[in-house]
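Reading through the structure tokens given below for one structure.
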Amino acid sequence: MHNSFFKKVISVKKNNIETRLADAREELADVKKFPDSEFVGIIKELGFRCELCARCCTKEFNDHVFLLDADLAVIRQINPDSVTPAPYYEFCDQKGRFYVSGYALKTKPDGSCIFLENKRCTIYDRRPSICRVYPYMLHREADDSGNVDWRQMSGLNEHGSYYSELDDSECEAIAQDTRAYEEAYLRQIIGFFEAVKAHFQKNDLKHVQSVYDRRIREFLKGKCELEVFVYFKGGFEKYNL
């Protein structure tokens with residue numbers, strides 16, 4: 001099964017498991033230490049209000065909706081066929097099998113979320129965690145110049161309205177929910193790296209970038225299927241594409 005989604009798949013060059021595990025643990029520690037008062041102040045200053053444009057529900061704007069393990073359990077109750085391995089697989093062993101840290105929601109041919117109808121979410125009350133906190137975030141990213149710094153808002157000035165009056169309790173709740181999501185995400189990533197490390201050691205496997213690149217090229221040309229091991233609740237589920 002081919003999907004234009006994979007045209008964006010890129011090689012992951014920083015593939016040392018120990019290094020990436022250490023980075024994720026450090027990021028989690030730093031997220032926990034980020035000052036509440038500063039985060040709440042940024043949220044209050046921005047004063048973001050959603051205007052129901054639904055741009056955030058499209059692949060063009062947000063690429064994909066990553067699912068935490070708890071999200072996946074809910075989504076599978078709604079529609080088991082609505083998920084697919086998240087893109088940008090982290091590892092590929094010497095036998096050509098890929099490993100990824102979780103699932104993502106599928107999209108429609110037009111790039112919109114599988115659960116979006118007439119610019120409205122059909123599972124709003126059970127929507128994934130990232131959808132609940134969006135556009136807020138609390139993690140470090142590199143800007144266009146390569147400078148790494150904290151980001152607290154996605155798509156700034158590209159959707160919604162700003163500088164609305166938000167009361168302190170609303171800002172505090174947003175900060176708390178966003179931090180909880182970021183910590184849960186990082187714990188899942190850490191668990192994934194630990195599981196891959198143990199699996200590789202037990203089965204005498206290793207990440208091979210040349211195999212990764214070759215298999216992706218063959219897949220995009222329609223010459224092969226992909227076997228993907230998707231991390232879920234401490235183990236792996238096999239998924240064929």
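Read-outs: derived from the displayed coordinates by stated rules, not from any lab. Model, not experiment: these values are computed from the prediction. In this analysis, Cβ positions are derived from the backbone assuming ideal geometry, glycine residues included, and neighbour counts consider all displayed protein chains.
Here are some notes:
- Net charge of the neighbourhood of residue 147, taken over other residues with C-beta under 11 Å away and scored Lys/Arg +1, Asp/Glu -1, is -3.
- 13 Å beta-carbon shell around residue 201, net charge (K/R +1, D/E -1): -1
- Segment 49-128-segment 179-234 distance, computed between alpha-carbon centres (Å): 17
- On full extension, the segment bounded by residue 217 and residue 158 gains 17.9 nm, given 0.36 nm per residue less the C-alpha separation.
- Segment 4-240: antiparallel DSSP beta bridges as a percent of all, rounded to 5: 85
- Amide H contacts for residue 137 (H built 1.01 Å from N in the peptide plane; partners 5 or more residues away or on another chain; cut-off under 5 Å): 153, 154.
- In straight-distance terms, cross-link reach from residue 59 covers every one of the aspartates and glutamates whose alpha-carbon lies under 17 Å from its own, apart from those fewer than eight places away in the same chain; here that gives 110, 117, 158.
- Maximal additional length on extending the residue 237-residue 76 stretch stands at 56.6 nm, based on 0.36 nm per residue less the C-alpha distance.
- Note on residue 227/residue 126: beta-carbon distance plugged into 1/(1 + (r/R0)^6) with R0 of 30 Å gives a FRET efficiency of 0.50.
- Rounded if a/c under 1.5, otherwise prolate or oblate - segment 105-174, Cα gyration tensor axes: oblate
- Cα long-axis angle, helix 69-78 against the chain (0 to 90 degrees, to the nearest 10): 90
- Computed over segment 91-223, the range of Cα coordinates on each principal axis works out to 56, 35, 32 Å, biggest value leading.
- Environment charge of residue 163, counting only residues whose C-beta is closer than 14 Å and scoring Lys/Arg +1, Asp/Glu -1: -1
- Shape category assigned to segment 137-184 from the gyration tensor of Cα positions, a/c cut at 1.5: oblate
- Rounded to the nearest 20 debye, the dipole size of segment 4-240 about its Cα centre is 1380 debye, using +1 on the Cβ of Lys and Arg and -1 on the Cβ of Asp and Glu.
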